[in-house]
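Undergrad: I'd like to ask some things about the structure below.
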Amino acid sequence: MIELESFLKDRLTRPLPGAQAQLKFAPNPQIGGWRPDDLPPAARRAAALILLYPGEAGTSFPLTTRRHDLPHHPGQISLPGGRIDPGETAEAAALREAREEVGVDPATVRIIGSLSTLWVVVSNYIVTPFIGVTDARPAFRTDPREVAALIETPVEWVRDPARVAMSHRLRDGVRVEFPYFDMDGQKVWGATAMILGEFRALFEGPRV
């Protein structure tokens, strides 16, 4: 954990992989004119958190399966996160959402930096993902109003090329191909995969 935290602190001070890495995990064909690094003035703002902690299978982070009756991205797998409230910073929103969704105490988290923003066109949110570190596995407590399940995800799963696959679905009658991460049978795709795709790209080069 100490070595990984040091590496990420240093890596996040340098130019980020950005849209090039995000687009590798974008559905295709894309919605016309969309770019993940666009910043439409009318878009709402949100934040998310990749929270690293010492897990049983090595350094891990939590993902959640969203309830099937939620208005946005029902049933999908996502990082803890949500909208930024008026007067709230993006970092504070990421920590608040992690507390509300999975019971993480913000006082135990060190935010070490952020990834590139991502415009999620289907919900019109611009998401700022943060990377945080905590020294012990949190005593996770999920919010049953939002979270159907918690998935403790080793970082090595994101870095493993064997866990990246392709699938498809229909969107308005059009076949859409999408890359996804296979997290032991769970498909992580869409905005979450794009965020994790940039996180994965931080490690390209010598392994940590």
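Undergrad: In the stretch 140-150, which residues are surrounded by 16 or more Cβ atoms within 10 Å (Cβ to Cβ) and part of a strand (DSSP E or B)?
TA: Those that are surrounded by 16 or more Cβ atoms within 10 Å (Cβ to Cβ) and part of a strand (DSSP E or B): 147, 148, 150.
Undergrad: Could we say that residue 30 is part of a helix (DSSP H, G or I) and either out of contact with any Gly (no Cβ under 6 Å at 6 or more places or on another chain) or surrounded by 13 or more Cβ atoms within 10 Å (Cβ to Cβ) (or both) here?
TA: Working: part of a helix (DSSP H, G or I): no; either out of contact with any Gly (no Cβ under 6 Å at 6 or more places or on another chain) or surrounded by 13 or more Cβ atoms within 10 Å (Cβ to Cβ) (or both): yes.
No: the conditions fail for residue 30.
Undergrad: Now for a separate question. In the stretch 80-112, how many are assigned to a helix (DSSP H, G or I) and over 17 Å from the mean Cα position of the chain (by Cα)?
TA: Within the stretch 80-112, the first condition is being assigned to a helix (DSSP H, G or I), and the residues that meet it are 90-102, 106-108.
Still in the list and also over 17 Å from the mean Cα position of the chain (by Cα): 106-108.
Matching residues across the stretch 80-112 total 3.
Undergrad: Could you list all residues from the stretch 121-139 that are buried (at least 16 other Cβ atoms within 10 Å of the Cβ) and at pLDDT 95 or above?
TA: Within the stretch 121-139, the subset buried (at least 16 other Cβ atoms within 10 Å of the Cβ) is 121, 125-134, 138.
Once the filter is applied, which keeps residues that are buried (at least 16 other Cβ atoms within 10 Å of the Cβ) and at pLDDT 95 or above, the stretch 121-139 yields 125, 126, 127, 128, 129, 130, 131, 132, 133, 134, 138.
Undergrad: What single numbered condition from (1) touching a residue at least 60 places away in the same chain (Cβ under 8 Å); (2) closer than 26 Å to residue 202 by Cβ fails to hold for residue 30?
TA: Exception for residue 30: condition (1).
Undergrad: I'd like to know if the stretch 166-175 contains one or more residues that are among the hydrophobic types (A, V, I, L, M, F, W, C), surrounded by 12 or more Cβ atoms within 10 Å (Cβ to Cβ) and either under 17 Å from residue 65 (Cα atoms) or in contact (Cβ under 8 Å) with a residue 40 or more places away in the chain (or both). Let's see the steps before the verdict.
TA: Taking the stretch 166-175 and keeping what is among the hydrophobic types (A, V, I, L, M, F, W, C), we get 166, 170, 174.
Filter once more, keeping what is surrounded by 12 or more Cβ atoms within 10 Å (Cβ to Cβ): none.
Checking the stretch 166-175: not a single residue is among the hydrophobic types (A, V, I, L, M, F, W, C), surrounded by 12 or more Cβ atoms within 10 Å (Cβ to Cβ) and either under 17 Å from residue 65 (Cα atoms) or in contact (Cβ under 8 Å) with a residue 40 or more places away in the chain (or both).
Undergrad: Please go through the stretch 1-27 and give me each residue that is more than 12 Å from residue 112 (Cβ to Cβ), of a type outside the set (Gly, Ala, Ser), in contact with a Gly (Cβ under 9 Å, 6 or more places away or on another chain) and not in a loop (DSSP other than H, G, I, E, B), ordered by number.
TA: Matches in the stretch 1-27: 22, 23.
Undergrad: Here is a follow-up. What are the residues in the stretch 126-157 that are under 15 Å from residue 48 (Cβ atoms) and acidic (Asp, Glu), if any?
TA: The one that is under 15 Å from residue 48 (Cβ atoms) and acidic (Asp, Glu): 146.
Undergrad: Is one or more of the residues making up the stretch 132-151 touching a strand residue (DSSP E or B) at 6+ places or on another chain (Cβ under 9 Å) and closer than 26 Å to residue 39 by Cβ?
TA: Yes, that holds for at least one residue.
Undergrad: Is there a residue being surrounded by fewer than 20 Cβ atoms within 10 Å (Cβ to Cβ), under 15 Å from the mean Cα position of the chain (by Cα) and part of a strand (DSSP E or B) anywhere in the stretch 154-165?
TA: Within the stretch 154-165, one or more residues are surrounded by fewer than 20 Cβ atoms within 10 Å (Cβ to Cβ), under 15 Å from the mean Cα position of the chain (by Cα) and part of a strand (DSSP E or B).
Undergrad: Name the residues in the stretch 106-161 that are polar (S, T, N, Q), within 21 Å of residue 15 (Cα to Cα) and in contact with a helix residue (DSSP H, G or I) (Cβ under 6 Å, 6 or more places away or on another chain), would you?
TA: If the condition is that a residue be polar (S, T, N, Q), within 21 Å of residue 15 (Cα to Cα) and in contact with a helix residue (DSSP H, G or I) (Cβ under 6 Å, 6 or more places away or on another chain), then 116, 128 are the ones that fit.
The values are calculated or read from the model by the stated rules, or taken from the named source; none is laboratory data. In this text, all values refer to a predicted model and were calculated from it rather than measured experimentally. Counting neighbours? That spans all protein chains shown, and the Cβs are built from the backbone with ideal geometry, glycine included.
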